[in-house]
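A quick write-up on the structure given underneath.
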Amino acid sequence: MISNKAKKQIDAWVAKYPTGNQGSAVMEALKIVQAENDNYLNADAIQAVADYLDIPGIAAAEVATFYENYNHKPVGKHTIRICHNISCMLNGADDLISYLEEKLNVKTGEVTKNGLFNVKKVECLGACVGAPMFQIGDQYYENLTEKKIDKILADLKAGAE
């Protein structure tokens, strides 16, 4: 279930910790395995990480279910993780969530028919100064407006075609 490429990446993280503390790499290991599994983790993938790191399955599952950056069902090619915490909310996040849902014809948590996007409300992403904001992949997009969102989505659609 874990490719050789992923094992090498995980091993690089494990090497950062003292011998016997390979479980400390569980967050990155889950992230790596998720990326290779259509950007979501099922129970088998979580268990495979636990087995590879030689930690109890429940330990990997606790991490995978606690943090919002792990997906437990299929998602779009681009997950739009829109911040819904206080700074973003006060600066219009609710209106932008509604705008995204209408523009993409999905509700939060759903995947677009073309499989490109899904919208996920998350708590603080640590970019309050740029509120409202969202994250797609490793990229943060701050000071969002409907016009900026239109441009971002158009660029991502163009890149997928």
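The values are calculated or read from the model by the stated rules, or taken from the named source; none is laboratory data. Just so it is clear, the model here is predicted, and its values are computed rather than measured. Please note: Cβ atoms are built from the backbone with ideal geometry, for glycine as well, and neighbour counts cover all protein chains shown.
Annotations
- Criterion (surrounded by fewer than 17 Cβ atoms within 10 Å (Cβ to Cβ), at pLDDT 95 or above and over 30 Å from residue 2 (Cα atoms)) met by exactly one of 105, 91: 105
Condition check ((1) outside any helix (DSSP H, G or I); (2) under 25 Å from residue 35 (Cβ atoms); (3) without any contact (Cβ under 8 Å) to a residue 24 or more places away in the chain) across all residues:
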residue	(1), (2), (3)
63	no, yes, no
71	yes, yes, no
75	yes, yes, no
81	yes, yes, no
102	no, no, yes
106	yes, yes, yes
113	yes, yes, yes
143	yes, no, yes
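This table checks each residue for (1) of a type outside the set (Asp, Glu); (2) more than 19 Å from the chain's Cα centre (by Cα); (3) within 22 Å of residue 152 (Cα to Cα).
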{"residue": "6", "(1), (2), (3)": "yes, no, no"}
{"residue": "10", "(1), (2), (3)": "yes, no, no"}
{"residue": "18", "(1), (2), (3)": "yes, yes, no"}
{"residue": "21", "(1), (2), (3)": "yes, yes, no"}
{"residue": "35", "(1), (2), (3)": "yes, no, yes"}
{"residue": "69", "(1), (2), (3)": "yes, no, yes"}
{"residue": "77", "(1), (2), (3)": "yes, no, yes"}
{"residue": "83", "(1), (2), (3)": "yes, no, yes"}
{"residue": "94", "(1), (2), (3)": "no, yes, yes"}
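- Top-ranked residue of the stretch 125-141 - restricted to ones that are in contact (Cβ under 8 Å) with a residue 24 or more places away in the chain and within 13 Å of the chain's Cα centre (by Cα), ranked as surrounded by the most Cβ atoms within 10 Å (Cβ to Cβ): 134
- Qualifying residue in the stretch 2-16 (condition: among the polar types (S, T, N, Q) and within 16 Å of residue 63 (Cα to Cα)): no
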